[in-house]
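Working notes for the structure below.
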Amino acid sequence: MKIGIAAIGRLSEDTGGKNYIIHFIRGIERLRPPHTFVLFVSEGEALALDIPESELVHIVIVPNSKQTPLHKVFAEQWKLSQCIKREKIDVMYYPGNFVSLFSQVPAVVNIRSMAHVYPSYGVKGIRRAVRSLLMPPSARKARAIITPSEDIKRDVVRIANVDPTNIHVISHGVNLELFDGEQNRRYDEGKAVLDRYKLTSGNYLLYVSALWRYKRQDQLIRAHAELVKNGFPNLKLVIAGKGTGTDKKYLDEIHSLPKSLGTHELVVFTGGMPQSDLRYLYANARAFIFPSSYESFGNPIFEAWASDTPVAVSNVHSFPEIAGDAALFFDPMDAQDIAAKISMILSDTELERTLIRRGAERVKSFTWEAAITRTLSLIENVRLA
């Protein structure tokens, strides 16, 4: 079977989308399924993602497809359908929420986010318009739908009015070898990464994800300031990531907030980082904190668990489903509550050990091999139907 995979746009700048497609392609190369694959990408993206062409994976460039969101939409909906036809694809897999509506090839779509249906979460303007326009018909046209959580599945059923039996919850995976905490704490390269940001092992909180307003880094910065004032004067906060489509006004706000709170010497913004460096930040953090108001799955939670780092997360949307009993929960809009839950981890050694142990056990169930195997099985069944 010849399977097409759509990866149009500035994927190399999209943390979640980038990591998903990289791990999916690398997983295919390891599993060696009895199919051939065609990866449709924008100009320069395969190189930026470090995805080389191989015997198993052929790369096709879709021209003029990433300059602006409108270029991406036009390419995904019109140019891509022509490429699919020319390549004689049997089944298309769309990991990025939308299908090419003009293509008649059977499709499986992975709807990995529904943040646009919640106006307060900051998906605005053309991004919200495009998602609102394309998601419902994409879900209805696809032969099968994947979501990473039951929370997203419920939203897709509600908004697109599709049969819930056609939606398959397939969680993302985590690279357990890359994020092996015990191993990463021993590497000299890890010390070099810590030295770069003037960090010491076990003396900082960590956040990793895009800097979008709905992910509430501002509340985490306020919570950190509370901790500094109340018993943890030398505790640092590391905020790693940037993401695409970030709001400059919000970026300015969160970069100036530590100064107004008197914690600017303790807050570190790293910008975007490769996972090869991030693994050392995870492994040496005192705790990983994820204050997002919305998350479809939350890969960084699993990377923290794999790194033997205790986790505290928001109590909304998919977080309780994903984290189970392996995290502490807080109200993402309440900096005092965030600070209180972090303080519990910092002050209670037994709780810290329990969270680390539970996280290490929970993360074993989420491998890329399992995610890819289930996805390929679904694609195969669509072809046979």
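The values are calculated or read from the model by the stated rules, or taken from the named source; none is laboratory data. Small disclaimer: the values here were computed from a predicted structure and weren't measured. Every residue, glycine as well, gets a Cβ built from its backbone with ideal geometry; the counts of neighbours run over all protein chains shown. When the accessible area is computed, the model is the full protein with side chains, heavy atoms only, and any ligands, DNA or RNA have been set aside. Shrake-Rupley method; radii C 1.70, N 1.55, O 1.52, S 1.80 Å.
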Relative contact order of the stretch 1-128: what whole-number percent is it, with Cα pairs under 8 angstrom and at least 6 residues apart? 26
Straight-line reach from Lys124: which lysines fall under 20 Å, measuring Cα to Cα and dropping same-chain residues less than 8 apart? Lys66, Lys72, Lys215, Lys242, Lys248, Lys249
Leaving ligands, DNA and RNA out of it, report the carbon-plus-sulfur percent of the accessible area of the chain at a 1.4 Å probe. 52
Relative contact order (%) - the stretch 226-282, alpha-carbon pairs under 8 angstrom, separation at least six: 47
Determine the gain in length on full extension of the stretch Thr349-Thr165; use 0.36 nm per residue of separation and subtract their C-alpha separation, reporting nm with one decimal. 61.8 nm
I need two numbers for the chain: Rg to one decimal and Dmax as a whole number, Cα atoms only, in Å. 20.9, 64
Residue among Tyr187, Gly173, Ile152 farthest towards the positive dipole end of the stretch 138-213, charges placed on Cβ: Ile152
Within the set of other residues whose C-beta is less than 12 Å from the C-beta of Ala160, count the net charge using Lys and Arg as +1 and Asp and Glu as -1. +4
Excluding ligands, DNA and RNA, what is the solvent-accessible area per residue of the chain at a probe of 1.4 Å, expressed in Å²? 42
Modelling each spin label as a point 7 Å along the Cα-to-Cβ direction, I'd like the Ser276/Asp195 distance in nm, to one decimal. 1.9
Measure off 7 Å from each Cα along the Cα-to-Cβ vector at Leu47 and Arg374, then give the distance between these two points in nanometres to one decimal. 3.7
In percent, what relative contact order does the chain have, based on Cα pairs under 8 Å that are 6 or more apart in sequence? 16
Taking only the Cα positions of the stretch 135-267, the convex hull volume per residue in Å³ is 169
Could you name the aspartates and glutamates whose alpha carbon sits less than 17 Å from that of Lys236, not counting residues in the same chain fewer than 8 places away? Asp195, Asp218, Glu226, Glu265
What's the local net charge at Asn203, with K and R +1, D and E -1, over the other residues with C-beta under 9 Å away? +2
Kirkwood Rh over alpha-carbon pairs of the stretch 281-385 plugged into Stokes-Einstein at 4 °C, 1.567 mPa s gives a D in µm²/s of 88
Against the longest alpha carbon principal axis of the chain, how many degrees, from 0 to 90 and to the nearest 10, is the axis of helix 15-31 turned? 60
Go through 158-165, 336-343 and give me the packing order, highest mean Cβ count within 10 Å leading. 336-343, 158-165
Obtain the nm distance between the two label points defined at Thr246 and Arg357 by a simple spin-label model: each point lies 7 Å from its Cα along the Cα-to-C-beta direction. 3.9
Over 23 Å between alpha carbons, listed pairs Lys2/Lys153; Lys2/Lys141; Lys18/Lys88: Lys2/Lys153; Lys18/Lys88
Can you tell me the orientation of helix 335-347 relative to the chain, as the angle in degrees between its alpha-carbon axis and the longest Cα principal axis, to the nearest 10? 70
